[in-house]
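Chemist: Sending over a structure as structure tokens; questions will come in a sec.
Taken together, the values in this text are just the output of simple stated rules run on the coordinates, not laboratory data. None of these values were measured; they are calculated from a predicted model. Here the Cβ positions follow ideal geometry from the backbone for every residue, glycine too, while neighbour counts run over all protein chains shown.
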Amino acid sequence: MSDPPRASLTELIAGLRARRFSSAELVRTYLERIDQHQGALNAFISVTREQALKDAQAADRVLAAGGGGALTGVPIAHKDIFCTQGVRTTCGSRMLDNFVSPYDATVVAKLRAAGAVMLGKTNMDEFAMGSSSETSFYGPVRNPWNPALVPGGSSGGSAAAVAARLAPAATATDTGGSIRQPAALCGVTGIKPTYGRVSRYGMVAFASSLDQAGVLSTTVADAALVLREMAGFDPNDSTSVDAPVPDYVAQLEQPLAGLKVGLLKEFFDKGLEPQNEQRIRDALRIYEGLGARLTEVSLPNLPLSVPVYYVVAPAECSSNLARFDGVRFGHRCENPKDLQDLYRRSRGEGFGAEVKRRIMTGTYVLSAGYYDAYYLKAQRVRALINADFIRAFKSVDVLIGPTTPTPAFPIGAKTEDPITMYLNDIYTIGANLAGLPAASIPCGFVNDLPVGLQVVGPHFAEARVLAVAHAFQRATDWHTRVPQGYA
Amino acid sequence: MYDFALVFSVHRAYREPPMSLTRAQLASIATLARLDLSAAEIPVYQQSLSSILDFIGALDAVDTADVNPMAHPLPGLSQRLRADVVTESDHHEAYQANAPQVAAGLYLVPKVIE
């Protein structure tokens with residue numbers, strides 16, 4: 001068993017239960033690591049030191065009395081998109097710089113009820129709009145594998161924190177790849193569950209038909225544990241699905257013999273860097289060795305997923321972000337001369353460049369005369385993509401391929417050209433459009449940078465996706481690699 | 001039929017977008033979106049929104065004549081309704097703690113009616 005900070009969340013729980021260390025000691029260890037590396041990584045927006053230490057002491061009393069839940073005493077970080085009662089919740093935006101949430105997101109409340117101790121709130125692309133964590137009002141997050149590179153996004157703070165072992169696990173959200181893409185670029189494990197599996201209540205809305213909360217961790221077993229505690233029906237979210245949550249941990253060990261793995265033909269195209277492709281092909285050979293049968297499948301409409309996404313997501317974003325009006329909460333401009341001026345300047349000042357770009361794209365595609373041509377058209381093509389996936393899952397159990405076309409790229413390299421940035425999510429967006437569960441796990445390195453392998457399953461097959469990903473981690477040790485300087 | 005080469009070729013072509021938003025069109029979008037833009041921002045957004053519209057224009061080529069638009073990410077599901085009963089208690093003080101300006105339990109805004 002490893003000691004912190006190398007230990008997995010599951011190992012930390014065992015250590016707490018065996019009294020090898022206390023929760024207070026554990027939390028102090030991680031807080032010190034955050035202090036030590038925050039300057040280099042900028043992974044956190046807020047660190048909730050006092051509350052964390054108080055909660056850890058309370059957890060120690062519960063553990064001493066022989067009680068506790070599945071996560072009692074283990075530290076975790078929350079993406080700053082989740083509302084935390086009494087704690088600033090910024091969503092990476094100047095608009096919410098002064099917003100102290102009056103309530104907890106369901107995800108936060110559930111993880112607290114399971115005993116987890118919050119270390120702080122992680123940095124992210126503003127309103128989760130980005131693929132590099134560069135659009136944050138609080139400055140870019142840096143990749144622990146190379147500080148000149150982006151960690152991916154939008155959950156880049158959570159991914160960098162987990163990769164650098166500043167937290168054993170972190171919550172995250174995924175609208176077009178925002179869990180899986182940073183997981184790939186930072187060499188950690190991430191899962192986005194089926195749409196509706198985890199409550200969106202208290203999670204600042206970006207694109208409501210695509211947003212879904214999930215987990216970043218160092219192992220699949222840890223992701224299974226945290227997801228089990230986060231998931232479940234919530235009457236406060238009208239899209240929450242009322243279905244029992246399986247014990248993902250108990251279902252991790254499944255033999256892969258006879259597993260039908262689909263290779264998406266469209267994922268192995270020109271956009272995929274040859275060295276990345278090689279790592280993915282190597283991983284597929286490992287699956288063959290574990291007894292899986294590989295077959296090529298084609299989802300002919302999948303390449304249209306990026307243009308579909310850049311209609312649907314901005315449209316929903318422009319509706320959701322209409323609530324930021326400078327009246328009830330959030331940034332308000334100085335000396336508004338009338339109500340329109342108050343709206344326009346509060347929003348103009350409070351939102352950053354990419355958020356404004358998406359609000360305007362969405363406003364345009366929803367405006368009179370364009371709704372049919374853009375929004376309705378995109379939702380029709382989305383139905384075709386969804387049908388492609390459903391057809392594929394009639395002949396295969398999971399789809400496996402790359403998470404991203406390339407490893408991490410330099411900070412600033414793609415900020416001038418929004419579409420180059422958008423194409424980062426070319427392999428991840430499909431699962432969001434179709435609401436499917438999907439994970440990314442480390443599967444090797446290209447030029448000393450981690451590469452992610454993506455596993456996509458049918459609706460509500462999180463247990464299968466996790467078991468397939470777990471089998472890979474039983475057979476390889478890529479997920480145990482820690483970036484230099486953070487061991 | 002469609003492949004990433006198509007998407008990437010659209011991307012390559014977009015540097016000189018055939019469809020270009022005028023300054024007036026961009027200003028009207030900003031008005032609808034209630035966004036104040038600086039003089040420096042307008043040409044930047046004119047260019048990038050034109051590129052994005054060109055990029056999403058790839059969807060025009062798809063035949064969707066017999067396809068219903070997707071209304072929910074999970075096939076066959078629709079939004080759940082709850083019983084029409086009061087479930088919330090009064091949180092106005094907690095919520096208004098985040099408001100820029102309140103008085104007597106009311107949100108204050110500039111005068112709307114002269």
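Chemist: Antiparallel DSSP bridges in chain A: what percent, to the nearest 5?
Modeler: Just about 70 percent of them are antiparallel.
Chemist: Taking other Cβ within 10 Å of each residue's Cβ, how do B:Leu74, A:Leu436 sort, fewest first?
Modeler: Fewest to most other Cβ atoms nearby, the residues stand as B:Leu74, A:Leu436.
Chemist: Within chain A, what's the longest stretch lacking GluC sites (Glu not before Pro) that sit in DSSP loops with no more than 10 other Cβ atoms inside 10 Å?
Modeler: After excluding every exposed loop site, the longest remaining stretch is A:1-333.
Chemist: For the range A:296-431, take the alpha-carbon Rg, divide it by the Kirkwood Rh, and send me Rg/Rh.
Modeler: So for the range A:296-431, dividing Rg by the Kirkwood Rh gives 1.08.
Chemist: If you don't mind, another one. Summing Lys, Arg as +1 and Asp, Glu as -1, what charge do residues with Cβ under 13 Å from the Cβ of A:Thr404 carry, A:Thr404 excluded?
Modeler: Its environment carries a net charge of 0.
Chemist: Next up: Take the Cα atoms of the range A:368-467, build their convex hull, and give its volume per residue in Å³.
Modeler: So the per-residue hull volume is 119 Å³.
Chemist: Could you let me know the centre-to-centre spacing of the range A:400-464 and the range A:1-66, using Cα atoms, in angstrom?
Modeler: With the range A:400-464 and the range A:1-66 each reduced to a Cα centre, they are spaced 30 Å.
Chemist: Also, quick follow-up: Give me the inter-chain shielding for A:185-197: mean count of other chain Cβ atoms within 10 Å, whole number please.
Modeler: Mean partner-chain Cβ count within 10 Å for A:185-197: 1.
Chemist: Please give every one of the lysines within straight-line cross-link reach of A:Lys394, meaning a C-alpha to C-alpha distance under 29 Å, and leave out same-chain neighbours fewer than 8 residues apart.
Modeler: Those lysines meeting the cut-off are A:Lys192, A:Lys260, A:Lys265, A:Lys270, A:Lys377.
Chemist: Next up: Among residues other than A:Ser23 whose Cβ falls under 9 Å from its Cβ, what is the net charge (Lys/Arg +1, Asp/Glu -1)?
Modeler: In short, -3.
Chemist: Also: Explain nothing, just compute: Karplus ³J(HN,Hα) = 6.51 cos²θ - 1.76 cosθ + 1.60, θ = phi - 60°, for every residue of the range A:329-343 in order, whole Hz, x for Gly and Pro.
Modeler: 3J(HN,Hα) across the range A:329-343, in whole Hz: 6, x, 5, 10, 5, 7, 6, x, 8, 7, 5, 5, 4, 4, 4.
Chemist: So between A:Ala243 and A:Gln85, what do we pick up on full extension, going 0.36 nm a residue minus the alpha carbon distance?
Modeler: Length gained between A:Ala243 and A:Gln85: 54.1 nm.
Chemist: Same structure again: Can you give the translational diffusion coefficient of the range A:159-206 in µm²/s, computed by Stokes-Einstein from the Kirkwood radius over Cα pairs at 4 °C and 1.567 mPa s?
Modeler: The Stokes-Einstein estimate is 112 µm²/s.
Chemist: Quote the convex hull volume per residue of the range A:124-212, based on C-alpha atoms, as a whole number of Å³.
Modeler: About 87 Å³ per residue, rounded to a whole number.
Chemist: Shifting gears a bit: I'd like the Kirkwood hydrodynamic radius of the protein assembly as shown, using the inverse of the mean 1/r over distinct C-alpha pairs, in Å.
Modeler: About 24.2 Å for the protein assembly as shown.
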